[in-house]
Each structure stands twice: as C-alpha cells, then as structure tokens.
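> Quick one: the structure is below, and I'll ask about it shortly.
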Amino acid sequence: MKKRLIEIRDEALSSIKGVSTPDEANALRVRYLGRKGEISTLLKGLGALDHNLRRELGQETNKVKTAIEEALNTRIKELQCALDRERLKKERIDTTLPGRKPYRAKLHPITTVMTEVEDIFTGLGFSIAEGPELELDYYNFESLNIPKDHPARDMQDTFYISKDLLLRTHTSPVQVRVMEAGKPPLRVIAPGTVYRRDSDVTHTPMFHQVEGFMVGSGVTFSNLKAVLTHFLETLFGEDVAVRFRPSFFPFTEPSAEVDIQCVICGGGGSTCRVCKGTGWLEILGAGMIHPNVFKSVGYDPETVSGFAFGLGIERIAMLKFGIDDIRLFFENDLRFITQF
Ligand code: FA5
C-alpha cells in the first residue's frame with residue numbers, strides 16, 4: 001500500500017508538471033485528491049490494517065497529499081502568471097503613438113460673411129435689429145406698398161402659412177417694424193433668414209439677407225451710394241468693379257440694383273453658369289424709401305427722407321470664395337464647409 005502511495009505521488013507530480021492550464025491542474029486535483037480520487041480509493045483498505053501500520057500509512061498519506069497540493073498550487077500560480085503576462089502584452093498601450101486629432105468645429109462660411117458685413121455697418125454707426133421669420137402679410141407686403149393682388153407680389157414666390165401669415169420673403173418688413181417703434185434719425189441693419197420658392201445655382205429656398213436703412217432729414221441717394229460703395233470696397237477691396245443699375249421695388253423710388261463683376265469668370269465668360277454670361281452678379285437691391293412706406297409708419301414724407309437696401313449674404317459669399325453653386329453652402333458636406 002505504501003509503495004502504491006509513493007507511485008501515486010510520483011505519477012501525480014509528473015502529471016502536474018505537464019499541465020498547461022489552471023483547468024487541467026484542477027482536473028488533476030480531483031483525480032488524485034478528490035473524494036473519489038486515487039488516494040481515497042487506495043485508503044479504503046486502511047481499516048483492515050493493524051493500528052501502528054495504519055498510523056504510519058496515515059502520516060505518509062498526509063505527506064503525499066501535502067506534496068501534491070503544494071505542487072498543484074505552485075503550478076497554478078505559474079500558469080496564472082503566464083496568462084497575466086500574455087494578457088498584459090495584448091493590452092499594452094503604446095503611449096508613443098500619435099493621438100487621434102479631435103474634430104474642431106468651425107464657423108459656417110455664411111456666418112463668417114454675415115459677421116463681417118455686420119462689423120462694417122456697425123463701424124459706420126448702424127445698430128442691429130431683428131424681426132420675426134414667420135411674418136404677417138401686412139409687414140411683408142402691404143406696409144411696403146405692395147397691396148394684395150399687386151403684380152409685384154409675383155417678384156417673390158412666397159411660402160404662405162395662412163391667408164395673412166407667411167415665411168418672410170425678405171428682411172424689408174423689419175424696416176417697417178423699426179420705424180413704427182421709433183423716431184428718425186435712424187441708422188439700422190436687420191440681418192436674418194428669408195424664404196422663397198426658388199432653387200438653382202444662384203437661388204436657394206432659404207437664404208440670408210441684411211436689410212439696411214437710414215432715415216432722417218436730408219438723406220439723399222448720394223448718401224446711399226457712398227455707404228454702399230464704402231461697404232463693397234471694404235468687403236472686396238478697392239479694385240472691385242461695382243455697378244448701380246436702375247431697377248424697380250414698390251417700396252423704394254428711385255430704385256437700383258447693385259452688381260459686382262463675376263469672380264467666377266472674371267466678367268467675360270459667355271458660358272459662365274453663375275452670371276449666365278452677363279459678367280455681373282446681382283448682390284443687392286436698394287433705393288430711396290417710398291413716401292407710401294413713410295405714411296404707413298406715420299412719418300411725414302415731406303420732412304423725412306431715407307434710403308434702404310437689402311443684400312444677399314450667400315451671393316456675397318459666392319463672390320468672396322469663388323463658389324459656383326449656392327446650394328453647396330447648405331448640403332452640409334464637411335469636405336466643402338471645412339475649407340473656409
Ligand atoms: C429684395 O428682397 C428687397 N427687399 C431688397 C431691397 C431692400 C430693395 C430695401 C430696396 C430697398 P431682391 O428680391 O432683389 O430684393 O433680393 C435681394 C438680394 O437677395 C438679391 O440681390 C440677391 O442677392 C439675394 N437673393 C434673392 N433671392 C435669392 C435666393 N433665392 N437665394 C439666394 N439669394 C437670393
């Protein structure tokens with residue numbers, strides 16, 4: 001029995017050396033030390049032995065068990081260490097690798113141009129006013145000398161919400177709201193979003209305008225020309241080619257439109273899709289405020305005069321950045337937007 005015990009010990013110790021995972025080691029623990037393991041099975045015959053022999057064998061069994069137990073624990077520890085080393089190797093972070101650059105947000109090109117335009121006018125003493133985008137028909141049209149069924153309403157294709165409510169088609173209603181609320185002299189710009197049923201390379205259904213107006217006694221068309229020329233030269237540089245062209249707006253008389261030489265084709269492109277071969281791109285409408293508009297806000301057109309203008313921010317941005325399709329500004333393609 002003693003001989004068999006030693007055999008079991010040697011067999012167990014050699015098997016323990018050969019295991020390659022903690023699970024395999026635990027399986028050996030069950031096989032040799034478990035309740036139905038090899039040692040327990042061997043010891044079943046112990047009761048029949050003489051007292052002294054039984055004691056001797058009992059002590060020997062304990063030694064064998066301890067030896068196997070220790071060998072198992074040592075092997076499991078070794079295997080666990082190897083596993084940990086392997087895991088750490090896999091999880092190792094290379095702190096010398098270059099980091100991923102966080103995406104830095106930038107201002108939208110339209111916001112940049114809008115801010116630049118506002119800065120130029122506030123530099124000339126203009127203050128900034130705002131008005132609602134959901135506007136009454138009265139402010140968008142009637143108070144601006146465009147009665148219902150007037151053919152001039154066709155100039156701006158309108159999104160109506162109801163008979164009297166619409167998405168404003170221009171920032172000119174803010175003129176009326178500001179004049180109603182205040183007294184001359186006034187020097188105000190009104191930047192904002194406007195809406196029209198329009199879409200092609202120079203038109204979008206939503207776009208931005210900046211309305212500007214100056215009202216007081218003795219304000220003339222030459223003041224209008226001076227302010228707009230200063231504005232355009234500051235924005236585009238002194239060499240910019242600008243032209244004032246007679247035009248018509250129901251709320252100004254006389255009226256003009258201002259064009260800038262097309263930067264896409266340099267002014268000469270017969271096939272240019274932006275200026276449609278004219279060499280010029282319209283960026284704003286302007287004129288002397290019509291007496292009927294003054295009457296609608298309770299001003300006396302005999303004693304008060306003023307000019308007004310409304311410019312398109314997207315058109316200015318197209319010219320500044322050489323963009324040949326206005327719709328690119330609103331497609332939210334980061335490859336386009338982050339260039340500016
Ligand atoms: C007006 O909206 C007038 N309220 C401007 C005005 C104000 C005239 C004060 C006189 C006195 P117009 O429809 O031309 O005018 O538009 C003004 C500018 O907005 C145009 O010159 C153009 O630059 C821009 N614009 C017009 N429609 C669009 C559109 N669909 N998409 C982008 N820009 C546009």
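> What is the chain by shape, rounded, prolate or oblate, if you read a ≥ b ≥ c off the alpha carbon gyration tensor as root eigenvalues and call it rounded for a/c under 1.5, prolate for a/b larger than b/c, and oblate otherwise?
Working: a/c = 5.38, a/b = 4.13, b/c = 1.30.
Prolate, since a/c reaches 1.5 and a/b exceeds b/c.
> May I pose another question? Okay, helix-only estimate at 222 nm for the chain: each DSSP H run of n ≥ 4 adds -39500 (n - 2.57), divide by all residues, round to 500 deg cm²/dmol; what do you get?
Rounded to the nearest 500, the figure is -13000 deg cm²/dmol.
> Still on this structure: Given labels modelled 7 Å from the Cα in the Cβ direction, how far is it in nm from E331 to R245?
Placing both labels 7 Å along Cα→Cβ, they lie 2.7 nm apart.
> Report the calculated FRET efficiency for Q80 and T111 (r = Cβ-Cβ distance, R0 = 56 Å), to the nearest 0.05. Intermediate values should be presented prior to the final figure.
Details: r = 60 Å, r/R0 = 1.07.
Efficiency at R0 = 56 Å is approximately 0.40.
> In whole Å, what is the distance between the alpha-carbon centres of segment 59-108 and segment 164-199?
So the separation of the two Cα centres works out to 70 Å.
> Expressed as a whole percent, how much of the Cα-Cα distance distribution for segment 2-90 exceeds 17 Å?
51 percent
> Just grab the label-to-label distance for T220 and T278, each label 7 Å out from Cα along the Cβ direction, in nm (one decimal).
2.9 nm
> How long is the gain from T193 to S40 if the chain were fully straight, where each residue apart is worth 0.36 nm and the alpha carbon distance is subtracted?
Separation in residues times 0.36 nm, less the Cα-Cα distance, equals 46.1 nm.
> Are there any GluC sites (Glu not before Pro) in segment 181-261 that are in a DSSP loop and have at most 14 other Cβ atoms within 10 Å? List them by number.
When the GluC sites (Glu not before Pro) of segment 181-261 are filtered for loop state and at most 14 Cβ neighbours within 10 Å, E238 remain.
> Residue-wise, which Karplus ³J(HN,Hα) couplings in Hz belong to segment 144-150, taking 6.51 cos²θ - 1.76 cosθ + 1.60, θ = phi - 60°, and x for glycine or proline?
9, 6, 10, x, 4, 6, 6
> What does the accessible area per residue of the chain come to in Å², with a 1.4 Å probe and no ligands, DNA or RNA counted? List each step's numbers first, then the result.
Details: 18840 Å² over 340 residues.
Value for the chain: 55 Å² per residue.
> Continuing with this model, one more query. With each label point set 7 Å from Cα along the Cα-Cβ vector, what nm distance links E70 and T95?
4.1 nm
> Give me the extension gain from M206 to K148: residue separation times 0.36 nm, minus the current Cα-Cα distance, reported in nm with one decimal.
So the extension gain works out to 18.5 nm.
> Moving on. Sort by residue number and report every cysteine in the chain with no other cysteine beta carbon within a distance under 4.7 Å.
Within the chain, the cysteines lacking a partner Cβ under 4.7 Å are C81.
> Counting only DSSP beta bridges with both residues in the chain, what percent are antiparallel, rounded to the nearest 5?
95 percent
> Where in segment 205-244 does the amide nitrogen come within less than 17 Å of the point 7 Å from the Cα of I264, taken along Cα to Cβ?
205
> Divide, for segment 186-240, the radius of gyration over alpha carbons by 2.2 N^0.38 Å, where N is the residue count.
Ratio of Rg to 2.2 N^0.38 Å for segment 186-240: 1.46.
> Assuming a ≥ b ≥ c are the square roots of the Cα gyration tensor eigenvalues, decide whether segment 129-235 counts as rounded (a/c under 1.5), prolate (otherwise, with a/b larger than b/c) or oblate.
It is oblate, given that a/c is not under 1.5 and a/b is not larger than b/c.
> Follow-up. With the full set of protein chains in place, find how many percent of the accessible area of the chain is carbon and sulfur; take the probe as 1.4 Å.
Heavy-atom surface of the chain belonging to carbon and sulfur, 1.4 Å probe: 53 percent.
The values are calculated or read from the model by the stated rules, or taken from the named source; none is laboratory data. Keep in mind the model is a prediction, meaning the values are calculated, not measured. Quick reminder, even Gly has a Cβ in these numbers, built from the backbone with ideal geometry, and neighbours come from all protein chains shown. Quick note on the areas: whole protein, heavy atoms, side chains included, nothing else; ligands and nucleic acids left out. Shrake-Rupley method; radii C 1.70, N 1.55, O 1.52, S 1.80 Å.
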